[in-house]
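Visitor: Structure provided below as structure tokens; questions to follow.
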Amino acid sequence: MEVKITNAQMTAIKKAGIKIGKVRARNLLKDEEGLWAYSAEDLTLILQIANATYRAGVPIMSDAKYDALYVKELESKDPKNEFLTSVEPEPVIESKTVELPVKMLSTEKAYSYEEIERWVKRLVKAAGEINLDLSELNIRVTPKLDGYAAYDDGVKLYTRGDGSRGQDITRAFDRGLTVAKGGVRGSGAGEIVIKKSYFDEVLSGYFENARNIQASIIAEKKVDERIQKALDEEACVFYPFDQLENWVGHYQTFLSNFQDILREIWDSVDYEIDGIIAEATNSSLKDYMGSTRKNHRWQIAYKVNTEITKVRVREVVPQTSRAGKLTPVAQFEPTKLSGARLSRATVHHYGMVKSKGVGKGALVELVRSGLVIPKIERVIESVDPDIPEECPSCGSHVVWDGDNLFCPNTTDCPAQAENTMIHFFKTLRNVDGFGPKVIEKIYQSGIKSIHEIYGLDVEKLMEIGFGEKTSENLIEQLLASRTLEINDWRFLAAFGVPRLGEGYCEKLLEHHNITDIFDLTIEDMINIDGFAEISATTIHEGLKSIEKEFQSIYELGFNLKETKWAVSKSDLLLSGELIVFTGSMEHGKRPDMEAEAKILGAKIGKSITSKTTLLVTGKSVGEKKIAAAADKGVRVLSENEYLQIIKKH
């Protein structure tokens, strides 16, 4: 079986110090079914290659295959192999290594409930050896984030490296990386991750996986504009482990309710996860059990069983989104995978269909990990794929934009129109009942726009086919959506202009009235902090396309709460200040103080960077953090000193 190795993958392999040519690497990787014949040396080399490409954001195999096939095979041949007993390195090749403030170990992995039971038995045995009352043996469970492991000591951010030495990647914070949940710097170990919803909605058409983005954030080279935007919008964050959503309970409850706890934790964060982490909470037990060279004995990762199968593609069907993007969906014979019967999987974009040959008759590797939707991991046998020339919804000739195909018919394409209506009511968040099925029924009756929906009455809805009570409820909801107060930025976001999400709508309306935005030039938008030229151009074109529909709906008289205008910030007391609030405040809650500072013209940061001008400290702030800020030239004020200044306002 032919294995393709890209130039980017070979670059990652060479930079990791692995001396192997492309032909030799291909030959090593092509015979998965004959792994039993591989030597321990060959298996180790394959794992080193897989690890290097994975860390560089260009994985040569899935995490599931890495663990389930190659690691397991090496464990059976050479259980004491140094690769298995040491921390798998997370290199940032461009940087020199430095000693980590603390050791960062890997986590022992379990793939079955039986392995979890055996781990708990070890905890119970160790507890008995130190006379720990078993009523005090509790387990903490957190999501196992699938990101880039790092350590933040408040001054520098480090990669995990080999567990003892890593790389200084503080530049990630300088670029705008923030701490999750509004946290502060210095929270110790965590992961650099990107919101799953943001990746799916904004970046999936440009990047094949989140690992590409995580690697780019910490690399020395300039960050892609789209990734910078994700940083600016706090979609990419450093998530400290001690801040993760968690379940804590007695070990017996943990065992008896394991599946329920797994489901609860799995849905607790909007980030990619590939399992859960379970750990003992008792400090004396943790000290007693200690660690191996690689893992803490009191901690384990449960990785949800991942299954891999090969399927033959029957056809690839295009689906048109609200924004006109054609998403390719591969269909295949119903296949059972991880307990679910599957017959379709989304391909990233038509660029992938074209370059990798995903089409009728292609043999692909399908992966489904636990609760995660299936995805095509690899194309084993490619074909000459069919690329659509027309939109499946309206028949318009489609156009290429990068790796994506788009339908340019924004006014009369049924799929775009229906999805636009659904997006409008979903974004308003003050109206119920107008879901996909209701919208589809209304559209099929001849109603083609949102403003026409607001012109409906009970009689017309009943003519369309809704019951009397349902029709009355729908009309009541339409009235409520106009009378209940709603932020003007949310109203604008409901129109779904490309690249104009809720955050950018609010920024735009801080500088311009909602009725004036259609007269703005591209230059006007670029002058607003955070609007780059490419984004501004796309937004400008998008606003022109919705102007007529916007005016028709706006004139219906929605109860809009106007965004606080910030055009005259240069004259305000805190103009030009980039402030970070840290510690426990007495004047008020930190979000309220941040909002107050914004009104006075300041920008708010979540962590100290080279651009920070002022650090306001509350209670319980370490001297080390204050000294580190001062060393960077940041002015440091106590909460009382800061309040004395703003009282002058």
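The values are calculated or read from the model by the stated rules, or taken from the named source; none is laboratory data. Predicted model, so just to flag it, every value in this text is computed and none were measured. All Cβ positions, glycine included, derive from the backbone under ideal geometry; neighbour counts span all protein chains shown.
Visitor: Closer than 23 Å to residue 118 by Cβ and either of a type in the set (Lys, Arg) or crowded, with 17+ Cβ neighbours inside 10 Å (or both): does that describe residue 280?
Guide: On the way: closer than 23 Å to residue 118 by Cβ: yes; either of a type in the set (Lys, Arg) or crowded, with 17+ Cβ neighbours inside 10 Å (or both): yes.
Here the answer is yes, as residue 280 does meet what is asked.
Visitor: Those residues that are more than 21 Å from residue 257 (Cα to Cα), in contact (Cβ under 8 Å) with a residue 24 or more places away in the chain and either in the same structural domain as residue 75 (by TED's automatic domain parsing) or not polar (S, T, N, Q) (or both), I need them from region 104-132; list them, please.
Guide: Across region 104-132, the qualifying residues are 104, 105, 108, 126, 127, 129, 130, 132.
Visitor: While we're here: Sort out which residues of region 246-297 are closer than 30 Å to residue 236 by Cα, modelled with pLDDT of 90 or more and assigned to a loop (DSSP other than H, G, I, E, B), and write them in order of number.
Guide: Answer for region 246-297, where residues must be closer than 30 Å to residue 236 by Cα, modelled with pLDDT of 90 or more and assigned to a loop (DSSP other than H, G, I, E, B): 246, 281.
Visitor: How many residues, within region 46-71, are over 17 Å from residue 209 (Cα atoms) and either at pLDDT below 70 or not assigned by TED's automatic domain parsing to the domain that holds residue 17 (or both)?
Guide: So the count comes out to 4.
Visitor: Further question on the same structure: At least 1 residues that are at pLDDT 90 or above and within 17 Å of the chain's Cα centre (by Cα) in each: list the strands (runs of 3 or more DSSP E) lying fully within region 149-223 that qualify. Even if it seems obvious, please write down each step before you answer.
Guide: Numbers: elements: 157-159, 165-167, 188-194.
Correct list: 188-194.
Visitor: Which residue is nearest to the chain's Cα centre (by Cα), if the candidates are limited to region 412-458 and must be in a helix (DSSP H, G or I) and among the hydroxyl-bearing types (Ser, Thr, Tyr)?
Guide: So the residue we want is 427.
Visitor: List the pairs whose first member sits in region 457-481 and is small (Gly, Ala, Ser), whose second member is not in a helix (DSSP H, G or I), and whose Cβ atoms are under 7 Å apart, counting only residues at least 6 apart or on separate chains?
Guide: 480/430; 480/431; 481/430; 481/431
Visitor: Could you grab the pairs with beta carbons closer than 6 Å, sequence gap of 6+ or different chains, first residue in region 595-622 and farther than 16 Å from residue 637 by Cα, second one surrounded by fewer than 16 Cβ atoms within 10 Å (Cβ to Cβ) and polar (S, T, N, Q)?
Guide: So the pair list comes out as 601/575.
Visitor: Exactly one condition in (1) surrounded by 14 or more Cβ atoms within 10 Å (Cβ to Cβ); (2) out of contact with any Gly (no Cβ under 9 Å at 6 or more places or on another chain); (3) modelled with pLDDT under 75 is false for residue 123; which is it?
Guide: (3)
Visitor: Can you find, within region 612-647, the residue that is modelled with the lowest pLDDT among those that are assigned to a loop (DSSP other than H, G, I, E, B) and surrounded by 12 or more Cβ atoms within 10 Å (Cβ to Cβ)? Reasoning before the result, please.
Guide: Filtering region 612-647 for residues assigned to a loop (DSSP other than H, G, I, E, B) gives 612-613, 618, 620-622, 632-634, 647.
Keeping just the survivors that are surrounded by 12 or more Cβ atoms within 10 Å (Cβ to Cβ) gives 612-613, 618, 621-622, 632, 634.
Numbers: 612: 87, 613: 90, 618: 86, 621: 81, 622: 78, 632: 85, 634: 89.
The qualifying residue modelled with the lowest pLDDT is 622.
Visitor: Of the conditions (1) part of a helix (DSSP H, G or I); (2) among the hydrophobic types (A, V, I, L, M, F, W, C); (3) without any contact (Cβ under 8 Å) to a residue 60 or more places away in the chain; (4) buried (at least 17 other Cβ atoms within 10 Å of the Cβ), residue 491 clears all except one; give me its number.
Guide: The failed condition is (3).
Visitor: A further question on this structure: Among the numbered criteria (1) surrounded by fewer than 18 Cβ atoms within 10 Å (Cβ to Cβ); (2) not in a loop (DSSP other than H, G, I, E, B), which single criterion is violated by residue 507?
Guide: It is condition (1) that residue 507 fails.
Visitor: State which residue pairs qualify: first residue among the basic types (Lys, Arg) and inside region 264-290, second residue surrounded by 15 or more Cβ atoms within 10 Å (Cβ to Cβ) in any location, beta carbons under 7 Å apart, and separation of 6 or more residues or different chains.
Guide: That search, which allows pairs on different chains as well, returns 286/280; 286/298.
Visitor: Within the group 99, 88, 94, 75, which residue is closer than 22 Å to residue 168 by Cβ, of a type in the set (Asp, Glu) and at pLDDT 70 or above? Steps first, please.
Guide: Numbers: 88 fails: at pLDDT 70 or above; 94 fails: at pLDDT 70 or above; 75 fails: closer than 22 Å to residue 168 by Cβ.
After applying the criteria, what remains is 99.
Visitor: For region 381-402, does any single residue satisfy the condition of being crowded, with 16+ Cβ neighbours inside 10 Å, touching a residue at least 40 places away in the same chain (Cβ under 8 Å), among the charged types (D, E, K, R) and more than 30 Å from residue 476 (Cα to Cα)?
Guide: No - not one qualifying residue is present in region 381-402.
Visitor: Please name all residue pairs, on different chains or six or more residues apart, with Cβ atoms under 9 Å, provided the first residue is in region 423-446 and is in contact (Cβ under 8 Å) with a residue 12 or more places away in the chain and within 15 Å of residue 491 (Cβ to Cβ) and the second residue is among the small types (Gly, Ala, Ser) and not in a loop (DSSP other than H, G, I, E, B).
Guide: Short answer, once both residue conditions are applied: 425/481; 427/493; 428/481; 430/480; 430/481; 431/480; 431/481.
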